1. Going by what's in this entry, would Lys290 be described as more than 23 Å from Tyr462 (Cβ to Cβ), of a type in the set (Lys, Arg), within 16 Å of ligand 3 (Cβ to nearest atom) and assigned by TED's automatic domain parsing to the domain that holds Ala465?
2. Given (1) out of contact with any helix residue (DSSP H, G or I) (no Cβ under 9 Å at 6 or more places or on another chain); (2) open to solvent by less than 40 Å² (accessible area, probe 1.4 Å), identify the lone condition not met by Thr380.
3. Can you pull out the residues in region 409-437 that are open to solvent by less than 30 Å² (accessible area, probe 1.4 Å), under 19 Å from the mean Cα position of the chain (by Cα) and farther than 19 Å from Cys383 by Cβ?
4. Looking for something within 16 Å of ligand 3 (Cβ to nearest atom) and either in contact (Cβ under 8 Å) with a residue 24 or more places away in the chain or within 23 Å of Gly268 (Cβ to Cβ) (or both) - is there at least one such residue anywhere in region 417-432?
5. Considering only residues that are part of a strand (DSSP E or B) and either out of contact with any Asp or Glu (no Cβ under 7 Å at 6 or more places or on another chain) or not small (Gly, Ala, Ser) (or both), look in region 449-498 and name the one that is surrounded by the most Cβ atoms within 10 Å (Cβ to Cβ).
6. Take the residues in region 47-61 that are within 41 Å of the chain's Cα centre (by Cα) and more than 20 Å from Asp114 (Cα to Cα); name whichever of them is surrounded by the most Cβ atoms within 10 Å (Cβ to Cβ).
7. Can you tell me which residue within region 332-360, out of those that are within 16 Å of ligand 2 (Cβ to nearest atom) and among the small types (Gly, Ala, Ser), is nearest to Leu231 (Cα to Cα)?
Amino acid sequence: MNFLINTNKSSEIRTDCLILPVFEDAILRGASKTINSQNNNLIKDFQSNGDISGKLGQTRILPINKQSYKRIVLVGCGKFDEYSENNYKKAITSALKKLSFTSHKNATNLLASDHLIGKNDELYYRTSRIMVESWYEITYQYTATNSKKEKKYSLSKLYFGTNGNKRSSSMSKGLKHGESIGSAIQKVKYLGDLPANICTPSFLVKETRKIANKNKSISLKVLNESDMKKLKMGSLLSVTAGASEPAKLIVAEYKGSKSKSKPIVIVGKGITFDTGGVSLKPSNAMDEMKYDMCGAATTIGLLQMVSDLKLPINMVFIVPACENVVSSTATKPGDIVTAMSGTTIEVLNTDAEGRLILADALTYAQKFKPELIIDMATLTGACVVALGKHISGLMTNSDSLAKELTLAGELSKDPTWRLPLNEDYTKQIKSNFADVANISTNGVGAGTITAGCFLQKFVGDYDWAHIDIAGVAWLEGSNKGATGRPVAMVSEFLINRALN
Ligand code: BES
Ligand code: MN
Ligand code: ZN
């Protein structure tokens, strides 16, 4: 698919499909008004005969004769005074979905032109980017392990129409960013949706290597279990102890800035399957624990996005990857292990494994003297209880980072909500036999926060944020599938850091 800009006036656009907005008040404005007059009140007729009410997401395709465009795709955009980026996103998504079932080759989107009152570069950027991201969202297909043939789309050129307004760099930037973020999200969904017998730690290594091989700014290092032993990563190793599938620690350094500026380190939980270990999980919905590597997948997706866009920034991407399974060599509840940092950990519950692999990954991250560290993990069921499937949990030792990430979540429509970290909660993970326990030993509740407090013990004084994506990383039921979150939110943050 090619994403392009068309600066012609609506009445002169040469295209298969002209995508136009109609609102609930039935008043035609801008391009819709012009095109209506050019076609003898065709749109008005449609409205007055009840073919389209303007309700958000409605679509109708009208055949046209003797114009430079062959079809009009009318799209309900809801109430005019409520037309927002969110509603625009829903409208363009319905239009593109509809078009994806047709054999038209190109289309021009004029849903933004009525929205862009005056010249506002930020709106041009957002609306062009949303158009592209929506296309990627609609066209994600999982076909890796079923006999479904991949559907081919006829649409091959999608234009962002300006209705006569000048082209601006914010539009091409929006299209470019949309492509990189959109395809990174598709990559994360693919990795998440793959079953655990395919998507192993070694498979994640291969996928990362593919990205690294395409880009000179990336240097990839993969630590195996003997390397981990040398580094005394007793915490990570305790999780993989029961597995015959080898654990990996993936470390990809991206040098996008010529300066020696300190890197931003991204860490993602890569449990390719979580049975709970000896503290075995109930079998109901256990298959969903193939998604326990979504933090890792997001890390790999972000590596792809950042290198694709050649962001002028230095970064390190770290993925601790292993299986949490049961066998005679598996770690047992009560076992005490020593992390790379020297901290001893009483493993009271082998199902609280994510924090154990992250502990050593976070210690390793400090080797790079980072500007800041962000980790992402499907860490706690408690986070699903607290925030449901809509918002991810954010915990951080930096108020300014909290603000920045929260704003990035709002702008990218991939929201996150801060939870507190403090000494009262840290006290809950005291152990009588080790420096710390891997679950609460005194006090009840706050499972997401106590996990955050555990991680905090392994980040030293560095600015750090932990994002618990247990609720948002995948959907259940008939829509079961990975969501690609929080690629959009972290991309927003990184782009803002790199380009502003
Ligand atoms: N991967 C799970 C968390 C999870 C559970 C994510 C359900 C999404 C849905 C994690 O490893 C885990 O098992 N956490 C335990 C921690 C507990 C033993 C303190 C949990 O949340 O039950
Ligand atoms: Mn677990
Ligand atoms: Zn887990």
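The values are calculated or read from the model by the stated rules, or taken from the named source; none is laboratory data. Everything numeric here is computed off the predicted structure, so don't read it as measured data. A quick note on method: Cβ atoms are made from the backbone with ideal geometry, for glycine too, and the neighbour counts reach across all protein chains shown. Surface areas here come from the heavy atoms of the whole protein model, side chains and all, with no ligands, DNA or RNA. Shrake-Rupley method; radii C 1.70, N 1.55, O 1.52, S 1.80 Å.
1. yes
2. Answer for Thr380: the failing condition is (1).
3. Hit for region 409-437 is Ser412, nothing else.
4. No; the residues of region 417-432 include none that is within 16 Å of ligand 3 (Cβ to nearest atom) and either in contact (Cβ under 8 Å) with a residue 24 or more places away in the chain or within 23 Å of Gly268 (Cβ to Cβ) (or both).
5. Looking at residues that are part of a strand (DSSP E or B) and either out of contact with any Asp or Glu (no Cβ under 7 Å at 6 or more places or on another chain) or not small (Gly, Ala, Ser) (or both), I get Asp468.
6. Step by step, filter region 47-61, then rank; the result is Asp51.
7. In this case the residue turns out to be Ala359.
So that you can scan it fast, the table gives a plain yes or no per residue for (1) in contact with a Phe, Trp or Tyr (Cβ under 9 Å, 6 or more places away or on another chain); (2) open to solvent by 60 Å² or more (accessible area, probe 1.4 Å); (3) not β-branched (Val, Ile, Thr):
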| site | (1), (2), (3) |
| --- | --- |
| Ser68 | no, no, yes |
| Val73 | no, no, no |
| Gly76 | yes, no, yes |
| Phe80 | yes, yes, yes |
| Lys98 | no, yes, yes |
